[in-house]
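A short worksheet on the structure shown next.
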6 protein chains.
Amino acid sequence: MRITLVNPNTSRAMTAKIAAVAREVAGPDVEIRAVCSNDGPAAVECHVDEAFAAVAVVDLIERDLRDGGSDAYVIACFGDPGLDAARELVGVPVIGIAEAAMHVAALSGRSFAVVTTLSRTLGRARDLLARYGMTQACVSLSGSGIGVLELEDTTSEVYETIARLCEVAVQQREADVIVLGCAGMADLCQTLSLRVGVPVVDGVAAAVGLATAMVRMGVGTSKRDEYAPASRRGMPPVAADDLVGSAYR
Amino acid sequence: MRITLVNPNTSRAMTAKIAAVAREVAGPDVEIRAVCSNDGPAAVECHVDEAFAAVAVVDLIERDLRDGGSDAYVIACFGDPGLDAARELVGVPVIGIAEAAMHVAALSGRSFAVVTTLSRTLGRARDLLARYGMTQACVSLSGSGIGVLELEDTTSEVYETIARLCEVAVQQREADVIVLGCAGMADLCQTLSLRVGVPVVDGVAAAVGLATAMVRMGVGTSKRDEYAPASRRGMPPVAADDLVGSAYR
Amino acid sequence: MRITLVNPNTSRAMTAKIAAVAREVAGPDVEIRAVCSNDGPAAVECHVDEAFAAVAVVDLIERDLRDGGSDAYVIACFGDPGLDAARELVGVPVIGIAEAAMHVAALSGRSFAVVTTLSRTLGRARDLLARYGMTQACVSLSGSGIGVLELEDTTSEVYETIARLCEVAVQQREADVIVLGCAGMADLCQTLSLRVGVPVVDGVAAAVGLATAMVRMGVGTSKRDEYAPASRRGMPPVAADDLVGSAYR
Amino acid sequence: MRITLVNPNTSRAMTAKIAAVAREVAGPDVEIRAVCSNDGPAAVECHVDEAFAAVAVVDLIERDLRDGGSDAYVIACFGDPGLDAARELVGVPVIGIAEAAMHVAALSGRSFAVVTTLSRTLGRARDLLARYGMTQACVSLSGSGIGVLELEDTTSEVYETIARLCEVAVQQREADVIVLGCAGMADLCQTLSLRVGVPVVDGVAAAVGLATAMVRMGVGTSKRDEYAPASRRGMPPVAADDLVGSAYR
Amino acid sequence: MRITLVNPNTSRAMTAKIAAVAREVAGPDVEIRAVCSNDGPAAVECHVDEAFAAVAVVDLIERDLRDGGSDAYVIACFGDPGLDAARELVGVPVIGIAEAAMHVAALSGRSFAVVTTLSRTLGRARDLLARYGMTQACVSLSGSGIGVLELEDTTSEVYETIARLCEVAVQQREADVIVLGCAGMADLCQTLSLRVGVPVVDGVAAAVGLATAMVRMGVGTSKRDEYAPASRRGMPPVAADDLVGSAYR
Amino acid sequence: MRITLVNPNTSRAMTAKIAAVAREVAGPDVEIRAVCSNDGPAAVECHVDEAFAAVAVVDLIERDLRDGGSDAYVIACFGDPGLDAARELVGVPVIGIAEAAMHVAALSGRSFAVVTTLSRTLGRARDLLARYGMTQACVSLSGSGIGVLELEDTTSEVYETIARLCEVAVQQREADVIVLGCAGMADLCQTLSLRVGVPVVDGVAAAVGLATAMVRMGVGTSKRDEYAPASRRGMPPVAADDLVGSAYR
């Protein structure tokens, strides 16, 4: 079985890190492939980034389909950008790392806390909690002020900041489980879990596990109505540069 | 005061219709400007369209900002694509037509029903209801099976289909108010309201009214944290064609 | 268009202040009229006051109807007393200032805080939040301990108390927007907004804006069932003094 | 112990019926007193009635206090008008018959249905369900179209209409319990229960039981903040006639 | 009328205390009987205890039925173990002390706080709040760290710990009412109420009151579907020792 | 890795069927073990059964622990009996098949329907939906009237009944996904999915997949507070026969 990790940002370092984490938890018969965008945002840290990331996800999945497709897709960005769009494109499972982490956290304890990058992304996280039915289970959301790209190569200072937020969540907010809110934190789980004494869930690993489970079960994306293939209207033959370029150049 | 209507699809006919409706309800001192995308989706009828529409909204607002900007923006597409992103870009009010219609409907009666185009868009509508706190107020959602572009020039058959859904919502689901779920239906309100006997709310008119109110009050978009201006990371200097083109060409 | 502001308390000073604020935000073609009760509570600061305020609202609207009626009514008391009753009486829009402020705040940011007069009124505010679907958007409710009539002529001490509560709401509770919970605070918005750095919404201005929008759209109060005109049973021809008098004399 | 039933409408026949029902379920050491309004609405069937009923409740309780007061009060009108106001006035328990019926129904089964008089009162019933945390437990609300005063002396036709609605609720909506939504239906419980095969709860009997329980436990109304005695501002010495008279004369 | 209190733990001291409290609040015509388990958990302080307590409740009620049955049952353990099972067994009312305390608290004020034994039981308490529709009314849950059996004979230190938690709940969390989360705290209500200045509700007394009310009204447990008598499949004739013994020996 | 399926009923035929289904979806390195109770209920079809099933789960897991324990446990009964208790006993993952099926269904579509055995079990299913945050995602619950043991060897009539309920759920209730509400239905997924055209999820397969994922990730059950090992009070040395025997012999 082949699972393709779709990283909508352009960081090759982060993509490599994500792939490594995924391979560590993947079963012996699971092939992990990781792709990233050439022209999406360098990091997804605001709503405008999120809009472009959704388009990048669509693009990356359509490329993969032209290459024969995969058995499942993981959207490796904590805002789950383009998740609904991706589910329209394919019949196999598509899992966002935020939803994956939240679902696994809900199986590990009664409550969880999200520790993430910039506090400005917490609004999006709240929308996802509501969408996934996880509002009641999430007892705390905290932004570390650490940018996504600082996580490419985590310094001890960055680690310390994140670890302290996890401790606060467990000790003061009574979180049973920690959810790490960025694909770039995927390598920190075990050390953090030892330190704070509760399970620490990374969405990339969680999504690979859930996707594997669904592929084995033969359960894909429901194609009833909302996610059925869409007959999209032809775009006018004008260059698309303008559309994307304005925001990022 | 100048309010700019941002239509993320490429239909010039629909853009003209929307502008006309907006001008009808605008106050004497309100200038209405309507723009549409050159290279976005021809109609927003699925989640992939929605992803591209969000990018089109960002693009259109950035263009307007380069032209001096406006006093408020209305996103003239019922899925409110790019709403959060647009709120990052400006300090003035930004109103989506779905949220506008829902808020006005909630002021007009205890309950409302949404009558829209394709049933596949109802999932998005449900997400918006939850986001805006309107889940309890909405007693019915129905798709007419009518495509967005069929509304450019409404036939009597199309009108009849919509009118019957409105009647069902009022008589069987006890809706106090009807919300029309597409900018292309903006011209049908009065006739429908006479027929079904309850207020029928079009989001374009509602959004113009709400935006006017906010401008007059001096209340714009809060720039605290989530919607503060974002320091977006530079994109690599590669052509963006690929990103958008794959889906629509 | 004529909008009548209905102030159910008997303070003429406050009524004048409210009218002035309303006129400042009203469009060029909007006439503002403000009326207050002769025999309602001097200030609405508890549930008993609220009960009498509701009756005062009914009375004031019925008087206005005998004088020819208005194009819309605003109930200028933050508990929105008599709102449902008023909607039975007329077919035009009726807007409470609490609902108006909450709806506009929800369009200005993701979250808001209510800063109001006495903490004993917060229970009513919570009921309104639930009724309007705003419970999730409201991150903080705080009572200042300042009585309604102290707001007739705001001292610097009163201002300072309110300003500090606003700062706490923004800095510690992460409110994107402040809602002022009393018609008597209507003149403080701009100064407070400059001080705390986020939009500050007054319900009187908000209600005038929303009512104007609805009148322009031709959307009034739905008269389906709940708000249809009621055939009220004749009261016995006994003097009504007893009924009201006991509580306030 | 003395429990006073406060009927805010003016029907002496209904007041007598309510008192009889209450006495049937009251314990051997419980004295039931029933009072009704002289100048309130003849029946509470719309929001304007509700507003006046709240004032009538305040008035009736204040009169009772001047006569020495009671050990508990029951507001014998299904909209629970004036409940919060009444709780401000006294330290003993105050129970509305809607809340009483809903709480008892929730102890009798997982779900209940409300069968009431005019469908226009269902909006108020929905507000009460939300306020009392009973929205999830209530699976059906239905109006019979029967006016309150038609219940003074129930005909077989009226009974049949109500019985059929109960059957529909049990058989089609899977209600475990029926809540009768009017004090005037208090005498129908046993016959209906035999017919539909599930418990049928009348709010008057329920409220007497709950009030008795609270008096025995020494648990009254919490006087913390919201329900603490209020120092109401003196009303101007003008006649109150105007206030009430306009609506009912 | 006879009400049987079912204490699923094996503490005879606590059973006697509960019976005494119940008799104090019971009406003159109510006979209180209290039974406890011979072989259930010594105290219910974790989920495994809870599982065995549910079985003990079933056992104790079946024994009582063989002895002629009672007019109502009270499950005298704050987790309401076996409540649904007990409702299957009988047609009379069955009331758990957690649900009883929560319902009475909701009639006494707008909000309440739960003060209980070990914090590890708060998860169960949260489940019950949700089940009974009381999540919004409960503003605070706190565990005292005091074990159930320490409450058999309350020391001044234990009392002080509980009293301080009640004070915190009232003063910092704005609870209108306190709910005591253990049958073993039943004798503390009055002293605590005097100290903290708000009503303090014990579930045993509350349940006796509610059960009495329902018996008088003739409202029992709905036997529609979920709680109808079940035709249980015969167990194989093997000794049951293993099943229960493993956990407690 | 070894996953132990805990079937709390006594049907060896069903246990064998469950094991077979689990092995089909398990990864190449996953060993499946299935155990059932000797003295629990023959089938779990009511709340009393559920109470005994919870105890049987505790017993079976304690036995497995004495045999060296497993890497994860699956509770193979749709009511998830004893789930919280089991989580106290071990540090590895414990997954109920109801929660597993609901979480996987939520990853496969926006909405799902539950099709189960007896309608009397739907109350429990509703409690689980609420506990897991799935109330909004579940659009329909239906009982087939088929007893658990009739599923040991599914007849074509039984299959037809279930298939028709699935069709109704998809076509009339707009369910994107079907959740089968009994371990005994585990072998029907593929045939049903082909027939109704949407994914059909069996909880046993889902739970095996989720447990595998968690074991690979190193995420077990959080042992913070609620699920920490409990120091259970010694039971008196009396025979336990009475406790369990009464209900099932």
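Can you compute the FRET efficiency between B:LEU194 and B:ARG164 using 1/(1 + (r/R0)^6), with r the Cβ-Cβ distance and R0 = 22 Å? Round to the nearest 0.05. So, using R0 = 22 Å, E works out to roughly 0.90. Only Cα pairs under 8 Å and 6+ residues apart enter the sum, and on that basis the relative contact order of chain E stands at 23 percent.
Around the amide H of A:THR117, modelled in the peptide plane, lie the amide H atoms of A:SER144, all under 5 Å away and 5 or more residues distant in sequence or on another chain. Between copies, B:PRO229 shows label-point distances of 4.6, 5.7, 5.9, 5.9, 7.8 nm, shortest first, with the point placed 7 angstrom from Cα along Cα to C-beta. Taking other C-beta atoms within 10 angstrom as a stand-in for reagent exposure, D:LEU107, A:LEU141 fall in the order A:LEU141, D:LEU107, fewest first. Peptide C:104-114 shows a mean partner chain C-beta count of 6 within 10 Å per residue C-beta. Among chain B residues, the beta-carbon with the smallest distance to the axis carrying B onto E is reported, with distance in whole Å, as B:GLN136, 7.
When B:ARG63 is represented by a point 7 angstrom out along its Cα-to-C-beta vector, the spacings to that point in the other copies are 2.7, 5.5, 7.2, 7.2, 8.2 nm, nearest first. Taking a ≥ b ≥ c as the square roots of the Cα gyration tensor eigenvalues, region F:98-202 comes out oblate, since a/c reaches at least 1.5 and a/b does not exceed b/c. If R0 is 35 Å, the Cβ-Cβ spacing of F:ASN38 and E:SER231 corresponds to a FRET efficiency of close to 0.95. Each residue in B:LEU194, C:LEU188 was given a count of other beta-carbon atoms within 10 angstrom of its own, and listing them fewest first yields B:LEU194, C:LEU188. Only Lys, Arg, Asp and Glu carry charge here, each on its Cβ (+1 for the first two, -1 for the last two); on that basis chain D has a dipole of about 460 debye about its Cα centre.
Label points for F:SER119 are taken 7 Å from Cα along Cα→Cβ. From this copy to the others they lie 2.5, 2.5, 4.6, 5.0, 5.3 nm apart, shortest first.
When both region D:88-162 and region E:43-57 are represented by their alpha-carbon centers, they are found 37 Å apart. Magnitude of the charge dipole for region A:99-202, about its Cα centre and with charges confined to Cβ atoms of Lys, Arg (+1) and Asp, Glu (-1), is about 460 debye.
Taken about its Cα centre, the protein assembly as shown carries a charge dipole of roughly 0 debye when the Cβ of each Lys and Arg holds +1 and the Cβ of each Asp and Glu holds -1. If you plug the beta carbon distance of E:ALA20 and D:ARG2 into 1/(1 + (r/R0)^6) with R0 = 30 Å, you get a FRET efficiency near 0.65. Per residue of peptide B:193-204, the mean number of Cβ atoms on other chains within 10 Å of the residue Cβ is 3.
Normalised by the number of residues in region A:99-202, the average gap of Cα pairs under 8 Å and 6 or more apart makes the relative contact order 35 percent.
Is the shape of the protein assembly as shown rounded, prolate or oblate, going by the alpha carbon gyration tensor and its root eigenvalues a ≥ b ≥ c, with a/c under 1.5 for rounded and a/b larger than b/c for prolate? Since a/c reaches 1.5 but b/c is at least a/b, the shape of the protein assembly as shown is classed as oblate.
Each value in this text was obtained by applying a stated rule to the coordinates, not by laboratory testing. What you see is a predicted model, and the numbers here were worked out from it, not measured in a lab. Every residue, glycine among them, receives a Cβ derived from its backbone with ideal geometry; neighbour counts consider all protein chains shown.
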